[in-house]
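Before any comments, here is the structure.
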Amino acid sequence: MTAKVIDGKAFAAGVRAQVADAVAKLKADNGIVPGLAVVLVGEDPASKVYVKNKHASTIEVGMNSFEHRLDASTSEAHLLALIAQLNADPTVHGILVQLPLPGHLNSDLVINAIDPAKDVDGFHISNVGLLGTGQKSMVPCTPLGCLMMLRDHHGSLAGMNAVVVGRSNIVGKPMAQLLLGDSCTVTIAHSRTKDLEAVCRGADILVAAVGRPEMITGAYVKPGATVIDVGINRIERDGKAKLVGDVQYESAAAVAGAITPVPGGVGPMTIACLLANTLTACCRANGLAEPKGLTA
Ligand code: NDP
(Lines give C-alpha, C1' and ligand atoms only; values in the text may rest on other atoms or scores of the structure.)
Protein backbone atom coordinates (compact mmCIF):
# COMPACT_ATOMS: atom_id res chain seq x y z
CA MET A 1 0.00 0.00 0.00
CA THR A 2 1.24 3.51 -0.73
CA ALA A 3 -0.32 6.08 1.51
CA LYS A 4 -2.25 9.11 0.33
CA VAL A 5 -0.20 12.18 1.21
CA ILE A 6 -2.16 14.67 3.30
CA ASP A 7 -0.92 17.98 1.95
CA GLY A 8 -0.81 20.30 4.96
CA LYS A 9 0.64 23.14 2.93
CA ALA A 10 -2.32 23.20 0.53
CA PHE A 11 -4.79 22.66 3.37
CA ALA A 12 -3.25 25.53 5.36
CA ALA A 13 -3.44 27.80 2.31
CA GLY A 14 -7.17 27.03 2.16
CA VAL A 15 -7.62 27.87 5.85
CA ARG A 16 -5.69 31.13 5.44
CA ALA A 17 -7.84 32.07 2.43
CA GLN A 18 -10.99 31.33 4.45
CA VAL A 19 -9.66 33.51 7.30
CA ALA A 20 -8.77 36.32 4.86
CA ASP A 21 -12.30 36.26 3.38
CA ALA A 22 -13.85 36.41 6.84
CA VAL A 23 -11.53 39.28 7.87
CA ALA A 24 -12.47 41.25 4.74
CA LYS A 25 -16.17 40.70 5.54
CA LEU A 26 -15.68 41.78 9.17
CA LYS A 27 -14.05 44.99 7.97
CA ALA A 28 -16.70 45.71 5.35
CA ASP A 29 -19.76 44.82 7.46
CA ASN A 30 -18.67 45.80 10.97
CA GLY A 31 -15.60 48.03 10.60
CA ILE A 32 -13.64 45.60 12.81
CA VAL A 33 -10.06 44.49 12.14
CA PRO A 34 -8.86 41.46 14.16
CA GLY A 35 -5.55 42.14 15.90
CA LEU A 36 -2.86 39.71 17.07
CA ALA A 37 -0.17 40.77 19.54
CA VAL A 38 2.97 38.64 19.69
CA VAL A 39 5.45 39.06 22.51
CA LEU A 40 9.03 37.88 22.04
CA VAL A 41 11.44 37.99 24.96
CA GLY A 42 15.12 37.58 24.12
CA GLU A 43 17.06 36.51 21.07
CA ASP A 44 16.37 32.79 20.60
CA PRO A 45 17.02 32.32 16.85
CA ALA A 46 14.22 29.78 16.23
CA SER A 47 11.73 31.98 18.15
CA LYS A 48 12.75 35.00 16.08
CA VAL A 49 12.00 33.10 12.87
CA TYR A 50 8.61 31.92 14.22
CA VAL A 51 7.66 35.47 15.25
CA LYS A 52 8.70 36.87 11.87
CA ASN A 53 6.58 34.26 10.07
CA LYS A 54 3.61 34.89 12.34
CA HIS A 55 3.83 38.64 11.68
CA ALA A 56 3.96 38.15 7.88
CA SER A 57 1.04 35.67 7.90
CA THR A 58 -1.09 37.96 10.10
CA ILE A 59 -0.61 40.91 7.74
CA GLU A 60 -1.26 38.68 4.72
CA VAL A 61 -4.80 37.79 5.89
CA GLY A 62 -5.59 41.46 6.55
CA MET A 63 -5.30 41.46 10.35
CA ASN A 64 -3.37 43.91 12.48
CA SER A 65 -0.11 42.56 13.84
CA PHE A 66 1.38 44.08 16.99
CA GLU A 67 4.90 42.92 17.75
CA HIS A 68 6.52 43.46 21.13
CA ARG A 69 10.20 42.57 21.37
CA LEU A 70 11.62 42.66 24.86
CA ASP A 71 15.17 42.33 26.05
CA ALA A 72 16.27 38.91 27.38
CA SER A 73 16.78 40.50 30.82
CA THR A 74 13.19 41.87 30.97
CA SER A 75 11.73 41.49 34.46
CA GLU A 76 8.63 39.43 35.13
CA ALA A 77 6.87 42.57 36.43
CA HIS A 78 7.57 44.38 33.17
CA LEU A 79 6.27 41.48 31.07
CA LEU A 80 3.15 41.13 33.23
CA ALA A 81 2.49 44.88 32.89
CA LEU A 82 2.67 44.56 29.09
CA ILE A 83 0.23 41.62 29.16
CA ALA A 84 -2.17 43.63 31.35
CA GLN A 85 -1.99 46.46 28.82
CA LEU A 86 -2.70 44.08 25.91
CA ASN A 87 -5.58 42.46 27.86
CA ALA A 88 -7.18 45.90 28.21
CA ASP A 89 -6.61 46.95 24.58
CA PRO A 90 -9.81 46.49 22.53
CA THR A 91 -7.87 46.43 19.24
CA VAL A 92 -5.99 43.32 20.41
CA HIS A 93 -8.08 40.14 20.10
CA GLY A 94 -5.28 37.58 20.39
CA ILE A 95 -2.14 37.54 22.54
CA LEU A 96 0.70 35.09 22.06
CA VAL A 97 3.80 34.98 24.22
CA GLN A 98 6.47 33.12 22.27
CA LEU A 99 7.87 30.17 24.22
CA PRO A 100 10.35 29.22 25.55
CA LEU A 101 10.86 32.23 27.83
CA PRO A 102 14.26 32.98 29.38
CA GLY A 103 14.86 30.91 32.53
CA HIS A 104 14.21 33.70 35.05
CA LEU A 105 10.61 34.09 33.86
CA ASN A 106 7.85 31.76 35.11
CA SER A 107 6.05 30.60 31.92
CA ASP A 108 2.96 29.32 33.77
CA LEU A 109 2.54 32.63 35.60
CA VAL A 110 2.99 34.61 32.39
CA ILE A 111 0.63 32.48 30.28
CA ASN A 112 -2.03 32.50 32.99
CA ALA A 113 -1.87 36.32 33.09
CA ILE A 114 -3.27 36.45 29.54
CA ASP A 115 -7.04 37.06 29.31
CA PRO A 116 -8.32 33.52 28.48
CA ALA A 117 -10.56 35.01 25.76
CA LYS A 118 -7.42 36.37 24.04
CA ASP A 119 -5.28 33.27 24.68
CA VAL A 120 -4.96 32.21 21.03
CA ASP A 121 -2.37 29.54 21.91
CA GLY A 122 -4.94 27.86 24.17
CA PHE A 123 -2.39 27.31 26.94
CA HIS A 124 -4.17 29.25 29.73
CA ILE A 125 -5.28 26.95 32.51
CA SER A 126 -8.92 28.04 31.98
CA ASN A 127 -8.80 27.01 28.34
CA VAL A 128 -7.16 23.70 29.28
CA GLY A 129 -10.03 23.08 31.72
CA LEU A 130 -12.70 24.13 29.22
CA LEU A 131 -11.28 21.81 26.57
CA GLY A 132 -11.03 18.97 29.09
CA THR A 133 -14.69 19.36 30.03
CA GLY A 134 -15.89 19.67 26.43
CA GLN A 135 -16.77 23.36 26.67
CA LYS A 136 -16.10 26.18 24.20
CA SER A 137 -12.44 27.21 24.58
CA MET A 138 -9.44 28.48 22.69
CA VAL A 139 -7.79 25.32 21.33
CA PRO A 140 -3.99 24.91 20.96
CA CYS A 141 -3.04 25.55 17.33
CA THR A 142 -1.01 22.43 16.45
CA PRO A 143 -3.58 19.86 17.66
CA LEU A 144 -6.39 21.94 16.12
CA GLY A 145 -4.58 21.77 12.78
CA CYS A 146 -4.23 17.98 13.10
CA LEU A 147 -7.94 17.66 13.92
CA MET A 148 -8.96 19.74 10.90
CA MET A 149 -6.89 17.55 8.56
CA LEU A 150 -8.27 14.35 10.12
CA ARG A 151 -11.87 15.58 9.81
CA ASP A 152 -11.24 16.57 6.22
CA HIS A 153 -9.78 13.16 5.38
CA HIS A 154 -12.21 10.95 7.29
CA GLY A 155 -15.37 12.96 7.80
CA SER A 156 -16.55 11.48 11.12
CA LEU A 157 -13.87 10.13 13.46
CA ALA A 158 -16.41 8.47 15.77
CA GLY A 159 -15.43 5.03 17.00
CA MET A 160 -11.94 5.07 15.53
CA ASN A 161 -9.01 3.91 17.66
CA ALA A 162 -6.59 6.80 18.07
CA VAL A 163 -3.14 6.56 19.62
CA VAL A 164 -1.29 9.76 20.50
CA VAL A 165 2.40 9.22 21.22
CA GLY A 166 3.47 12.07 23.51
CA ARG A 167 1.77 13.64 26.53
CA SER A 168 3.00 17.23 26.47
CA ASN A 169 0.65 20.02 27.50
CA ILE A 170 1.00 21.77 24.16
CA VAL A 171 0.51 18.83 21.77
CA GLY A 172 -0.13 15.34 23.17
CA LYS A 173 -2.73 16.04 25.86
CA PRO A 174 -4.87 18.56 23.92
CA MET A 175 -4.67 16.32 20.84
CA ALA A 176 -6.04 13.43 22.87
CA GLN A 177 -8.84 15.64 24.27
CA LEU A 178 -9.83 16.75 20.77
CA LEU A 179 -9.92 13.18 19.47
CA LEU A 180 -12.00 12.18 22.48
CA GLY A 181 -14.31 15.11 21.72
CA ASP A 182 -14.79 13.63 18.24
CA SER A 183 -15.66 10.27 19.85
CA CYS A 184 -12.46 8.36 19.11
CA THR A 185 -11.30 5.69 21.53
CA VAL A 186 -8.08 7.32 22.66
CA THR A 187 -4.83 5.94 24.03
CA ILE A 188 -2.06 8.30 25.15
CA ALA A 189 1.38 6.69 24.95
CA HIS A 190 4.64 8.07 26.37
CA SER A 191 8.18 7.14 27.28
CA ARG A 192 7.03 4.62 29.91
CA THR A 193 4.49 2.84 27.67
CA LYS A 194 5.13 -0.90 27.40
CA ASP A 195 5.42 -2.41 23.91
CA LEU A 196 4.80 0.89 22.13
CA GLU A 197 4.99 -0.82 18.75
CA ALA A 198 2.02 -3.08 19.55
CA VAL A 199 0.05 -0.19 21.09
CA CYS A 200 0.58 1.90 17.95
CA ARG A 201 -0.36 -0.98 15.65
CA GLY A 202 -3.84 -0.88 17.21
CA ALA A 203 -4.38 2.65 15.92
CA ASP A 204 -6.65 3.67 13.07
CA ILE A 205 -5.28 7.16 13.71
CA LEU A 206 -1.68 7.45 14.90
CA VAL A 207 -0.40 10.85 16.01
CA ALA A 208 3.33 11.10 16.68
CA ALA A 209 4.39 14.01 18.91
CA VAL A 210 7.55 12.63 20.44
CA GLY A 211 10.45 14.87 19.42
CA ARG A 212 12.60 11.89 18.35
CA PRO A 213 13.69 11.86 14.71
CA GLU A 214 12.06 9.07 12.69
CA MET A 215 11.34 6.91 15.73
CA ILE A 216 7.97 5.66 14.45
CA THR A 217 8.72 3.23 11.63
CA GLY A 218 6.37 1.22 9.44
CA ALA A 219 6.46 -1.54 12.07
CA TYR A 220 4.38 0.73 14.36
CA VAL A 221 1.69 1.33 11.74
CA LYS A 222 -1.48 -0.70 11.20
CA PRO A 223 -2.10 -1.29 7.49
CA GLY A 224 -4.36 1.47 6.17
CA ALA A 225 -4.02 3.70 9.26
CA THR A 226 -3.82 7.48 9.09
CA VAL A 227 -0.50 8.79 10.39
CA ILE A 228 -0.13 12.38 11.59
CA ASP A 229 3.48 13.37 12.14
CA VAL A 230 3.77 16.39 14.44
CA GLY A 231 7.54 16.11 14.89
CA ILE A 232 9.95 18.74 13.67
CA ASN A 233 13.54 17.60 14.07
CA ARG A 234 16.60 19.20 12.55
CA ILE A 235 19.20 16.54 11.80
CA GLU A 236 22.34 16.23 9.71
CA ARG A 237 22.44 13.51 7.06
CA ASP A 238 25.17 12.97 4.47
CA GLY A 239 26.73 16.22 5.67
CA LYS A 240 23.53 18.18 4.98
CA ALA A 241 21.03 19.77 7.34
CA LYS A 242 17.63 18.11 7.01
CA LEU A 243 14.19 18.49 8.57
CA VAL A 244 12.55 15.19 9.54
CA GLY A 245 9.51 14.21 11.56
CA ASP A 246 9.02 11.73 14.37
CA VAL A 247 7.89 9.21 11.73
CA GLN A 248 10.19 7.38 9.33
CA TYR A 249 8.30 8.52 6.28
CA GLU A 250 9.17 5.88 3.65
CA SER A 251 8.54 2.80 5.79
CA ALA A 252 5.38 4.27 7.37
CA ALA A 253 3.98 5.44 4.02
CA ALA A 254 4.38 1.91 2.66
CA VAL A 255 1.92 0.63 5.28
CA ALA A 256 -0.36 3.60 6.10
CA GLY A 257 -3.52 4.60 4.25
CA ALA A 258 -2.72 8.31 4.62
CA ILE A 259 0.20 10.27 6.06
CA THR A 260 1.36 13.84 6.64
CA PRO A 261 4.86 14.63 5.36
CA VAL A 262 7.54 16.69 7.12
CA PRO A 263 7.96 19.39 6.01
CA GLY A 264 4.59 20.32 4.49
CA GLY A 265 2.23 18.50 6.85
CA VAL A 266 1.31 19.67 10.34
CA GLY A 267 3.77 22.59 10.42
CA PRO A 268 1.94 24.95 8.01
CA MET A 269 -1.35 24.22 9.81
CA THR A 270 -0.05 25.59 13.10
CA ILE A 271 0.22 29.20 11.89
CA ALA A 272 -3.01 28.88 9.90
CA CYS A 273 -4.79 27.82 13.11
CA LEU A 274 -3.24 30.72 15.02
CA LEU A 275 -4.91 33.05 12.52
CA ALA A 276 -8.15 31.07 12.75
CA ASN A 277 -8.05 31.35 16.56
CA THR A 278 -7.46 35.11 16.37
CA LEU A 279 -10.47 35.46 14.08
CA THR A 280 -12.56 33.30 16.42
CA ALA A 281 -11.47 35.39 19.44
CA CYS A 282 -12.36 38.60 17.59
CA CYS A 283 -15.83 37.30 16.64
CA ARG A 284 -16.51 36.15 20.21
CA ALA A 285 -15.31 39.50 21.64
CA ASN A 286 -17.75 41.33 19.39
CA GLY A 287 -20.69 38.97 19.87
CA LEU A 288 -20.57 37.89 16.22
CA ALA A 289 -21.09 34.41 14.76
CA GLU A 290 -17.92 32.32 14.71
CA PRO A 291 -16.52 31.23 11.35
CA LYS A 292 -17.58 27.70 10.42
CA GLY A 293 -15.01 24.89 10.29
CA LEU A 294 -12.23 26.87 11.95
CA THR A 295 -12.79 25.77 15.55
CA ALA A 296 -13.02 22.46 17.37
P1 NDP B 1 7.84 17.23 24.49
O2 NDP B 1 9.30 16.96 24.55
O3 NDP B 1 7.25 18.22 25.42
O4 NDP B 1 7.06 15.84 24.71
C5 NDP B 1 7.49 14.67 24.07
C6 NDP B 1 6.64 13.52 24.52
O7 NDP B 1 7.12 12.35 23.86
C8 NDP B 1 6.70 13.25 26.01
O9 NDP B 1 5.40 13.02 26.51
C10 NDP B 1 7.54 11.99 26.13
O11 NDP B 1 7.16 11.10 27.15
C12 NDP B 1 7.29 11.31 24.81
N13 NDP B 1 8.42 10.46 24.45
C14 NDP B 1 9.73 10.81 24.41
N15 NDP B 1 10.48 9.73 24.07
C16 NDP B 1 9.62 8.71 23.89
C17 NDP B 1 9.79 7.34 23.54
N18 NDP B 1 10.99 6.82 23.29
N19 NDP B 1 8.69 6.58 23.45
C20 NDP B 1 7.46 7.09 23.70
N21 NDP B 1 7.25 8.37 24.03
C22 NDP B 1 8.32 9.18 24.13
O23 NDP B 1 7.55 17.59 22.97
P24 NDP B 1 6.33 18.41 22.31
O25 NDP B 1 5.05 17.75 22.58
O26 NDP B 1 6.49 19.84 22.61
O27 NDP B 1 6.71 18.24 20.77
C28 NDP B 1 6.73 16.97 20.15
C29 NDP B 1 7.25 17.12 18.74
O30 NDP B 1 6.38 17.97 18.02
C31 NDP B 1 8.62 17.78 18.64
O32 NDP B 1 9.31 17.21 17.54
C33 NDP B 1 8.32 19.23 18.34
O34 NDP B 1 9.36 19.86 17.63
C35 NDP B 1 7.10 19.06 17.48
N36 NDP B 1 6.21 20.23 17.45
C37 NDP B 1 5.74 20.61 16.24
C38 NDP B 1 4.88 21.65 16.12
C39 NDP B 1 4.37 22.01 14.76
O40 NDP B 1 3.94 23.12 14.55
N41 NDP B 1 4.37 21.07 13.82
C42 NDP B 1 4.43 22.44 17.28
C43 NDP B 1 4.90 21.89 18.55
C44 NDP B 1 5.77 20.82 18.60
P45 NDP B 1 7.32 11.44 28.73
O46 NDP B 1 6.22 12.42 29.03
O47 NDP B 1 7.13 10.12 29.38
O48 NDP B 1 8.69 12.02 28.89
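SER191: assigned to a loop (DSSP other than H, G, I, E, B), free of Cβ contacts under 8 Å to residues at least 60 places away in the same chain and of a type in the set (Ser, Thr, Tyr), yes or no? Explain how you work it out, then say what you get.
Working: assigned to a loop (DSSP other than H, G, I, E, B): yes; free of Cβ contacts under 8 Å to residues at least 60 places away in the same chain: yes; of a type in the set (Ser, Thr, Tyr): yes.
Here the answer is yes, as SER191 does meet what is asked.
Please determine, by comparing only the residues of the stretch 56-101 that are hydroxyl-bearing (Ser, Thr, Tyr) and under 14 Å from CYS282 (Cα atoms), which one is farthest from the chain's Cα centre (by Cα).
The qualifying residue farthest from the chain's Cα centre (by Cα) is THR91.
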Residue hits (the stretch 52-71; crowded, with 20+ Cβ neighbours inside 10 Å and part of a helix (DSSP H, G or I)) are LYS54, SER57, THR58
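Which residue out of ASN53, ASN127 is more than 16 Å from the ligand (Cβ to nearest atom), under 24 Å from LEU294 (Cα atoms) and under 16 Å from the mean Cα position of the chain (by Cα)? Can you show your working first?
Working: ASN53 fails: more than 16 Å from the ligand (Cβ to nearest atom).
After applying the criteria, what remains is ASN127.
Based on what the data block shows, is VAL221 open to solvent by less than 10 Å² (accessible area, probe 1.4 Å), within 16 Å of the ligand (Cβ to nearest atom) and touching a helix residue (DSSP H, G or I) at 6+ places or on another chain (Cβ under 9 Å)?
yes
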When (1) surrounded by fewer than 16 Cβ atoms within 10 Å (Cβ to Cβ); (2) in contact with a Leu (Cβ under 9 Å, 6 or more places away or on another chain) are applied to VAL97, the one that fails is (1)
Scan the stretch 228-258 residue by residue and report those that are in contact with a Phe, Trp or Tyr (Cβ under 9 Å, 6 or more places away or on another chain), part of a strand (DSSP E or B) and among the hydrophobic types (A, V, I, L, M, F, W, C).
VAL247
Given the residues GLY166, GLY155, GLY145, which is the only one that is at positive phi and touching a helix residue (DSSP H, G or I) at 6+ places or on another chain (Cβ under 8 Å)?
GLY166
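GLU214 - would you say it is more than 9 Å from the ligand (Cβ to nearest atom), under 22 Å from LYS9 (Cβ atoms), in a loop (DSSP other than H, G, I, E, B) and open to solvent by 20 Å² or more (accessible area, probe 1.4 Å)?
Numbers: more than 9 Å from the ligand (Cβ to nearest atom): yes; under 22 Å from LYS9 (Cβ atoms): yes; in a loop (DSSP other than H, G, I, E, B): yes; open to solvent by 20 Å² or more (accessible area, probe 1.4 Å): yes.
Judged against the criteria, GLU214 is a match.
Can you tell which of VAL199, VAL186, VAL207 is assigned to a strand (DSSP E or B), under 27 Å from THR2 (Cα atoms), at pLDDT 95 or above and within 14 Å of the ligand (Cβ to nearest atom)?
Values: VAL199 fails: assigned to a strand (DSSP E or B); VAL186 fails: within 14 Å of the ligand (Cβ to nearest atom).
Exactly one residue qualifies, and that residue is VAL207.
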Could you list, in sequence order, all residues of the stretch 131-176 that are away from the ligand (no atom under 14 Å from the Cβ) and open to solvent by 50 Å² or more (accessible area, probe 1.4 Å)?
THR133, GLY134, GLN135, LYS136, ARG151, ASP152, HIS153, HIS154, SER156, ALA158, GLY159, ASN161
Hey, could you check the stretch 265-296 for residues that are out of contact with any Ser or Thr (no Cβ under 9 Å at 6 or more places or on another chain) and open to solvent by less than 20 Å² (accessible area, probe 1.4 Å) and say which is nearest to the ligand (Cβ to nearest atom)?
GLY265
Residue count for the stretch 3-49, restricted to those that are surrounded by fewer than 19 Cβ atoms within 10 Å (Cβ to Cβ) and in contact with a strand residue (DSSP E or B) (Cβ under 8 Å, 6 or more places away or on another chain):
6
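The values are calculated or read from the model by the stated rules, or taken from the named source; none is laboratory data. Only a predicted model underlies this, so the values are computations on that prediction, with no experimental measurement involved. Using ideal geometry, Cβ is built from the backbone for each residue, glycine included, and neighbour counts are taken over all protein chains shown. For accessibility, only protein heavy atoms count, side chains too; no ligands or nucleic acids. Shrake-Rupley method; radii C 1.70, N 1.55, O 1.52, S 1.80 Å.
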